[in-house]
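Engineer: Right, I'll just put the structure down here and ask away after.
Here, each number is a calculation from the coordinates, and none is a lab measurement. This structure is a prediction, so every number in the text was calculated from the model and none was measured. Here Cβ is always computed from backbone atoms with ideal geometry, including for glycine, and neighbour counts include all displayed protein chains.
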Amino acid sequence: MVSEFLKEEMISSRQLRGWDRVKHGEDLFKSLLDSFSVDYKRRYELEGLVEEVKELKEDNEKRFINFVLRMLEVADFWERVMEPDTVTLDKNIEKCRLGYEFLRDELGKMGIKQDGPNIGEFPRAGKDVAEGKEDRSDLPDGAICGIVKKCYLWEDRVLRKARVITVRREGG
C-alpha cells in the first residue's frame, strides 16, 4: 500500500522538468505544481497556490522597497546635517534634534512606536528586561532607575524589549 502511494503521489527528480534551471520564487513553485498529478492537485487544492505565492512575493517586495525608500530619506537628512559649515554647535545640536524627530515620524508611518518604560516604574512582563542592578535609596526595590534601550512596538507587537537597570536597595 505504501509503495502504491509513493508511485502516485511522490515526485521523482525526473518528473521535475528542468529542475537544474529552476530559479527561486514563482518558477520553483510552478515547477513543483506542474510535477504533481491532476488528482493530487485537486485533492489538496493546489491550483491557486502559484498565484497566491506570486502575490505574497510582490507584496513583500513593495513593502521592502517602501521601507528602504523611507530609510534613504533619513540617510539624506543626516547627510545634510553632517555637511561641514560654519554654524555654531548649538545649530548642529538643533539639526540633530530635528533629525531624531524626523526619524521617529518615519518609523511612526510604518507603525513602529516607542513604548517606555519610565524611571520609577517596575519592569513590565514581556516588554522590559533587567540588565543590571544599582544601589539606590530614592526609589523602591526592583523599580527602574535607568534605561539602556527603550521598548519598540510594531502594530502592538514587541519588536525590541527595553533594556533597563533596576534598583537594589542599599544593604539589601
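Engineer: How much FRET efficiency would the formula 1/(1 + (r/R0)^6) give for E61 and R169, where r is the Cβ-Cβ distance and R0 is 45 Å, rounded to 0.05? Walk me through the intermediate numbers first.
Structural biologist: Values: r = 54 Å, r/R0 = 1.19.
Efficiency at R0 = 45 Å is approximately 0.25.
Engineer: Sticking with this structure for a sec: Residue by residue through segment 65-74, which ³J(HN,Hα) values in whole Hz follow from phi under the Karplus form 6.51 cos²θ - 1.76 cosθ + 1.60 (θ = phi - 60°), with glycine and proline marked x?
Structural biologist: 4, 4, 4, 4, 4, 5, 5, 5, 4, 5
Engineer: Give me the tail of P(r) for segment 114-169 as a percent: Cα-Cα pairs with distance above 14 Å. Walk me through the intermediate numbers first.
Structural biologist: Details: 697 of 1540 pairs.
Of all Cα-Cα pairs in segment 114-169, 45 percent lie more than 14 Å apart.
Engineer: Taking the Cβ of L159 as the center, what net charge do the other residues with Cβ under 10 Å away carry, scoring Lys and Arg +1 and Asp and Glu -1? Walk me through the numbers on the way to the answer.
Structural biologist: Working: positive: K113, R157, R160, K161; negative: D115, E155.
Here the count lands on +2.
Engineer: Provide the FRET efficiency to the nearest 0.05 for the F122-C96 pair, computing r from the beta carbons and using R0 = 30 Å. Don't jump to the answer; show the numbers that get you there.
Structural biologist: Values: r = 32 Å, r/R0 = 1.07.
After rounding, the FRET efficiency stands at 0.40.
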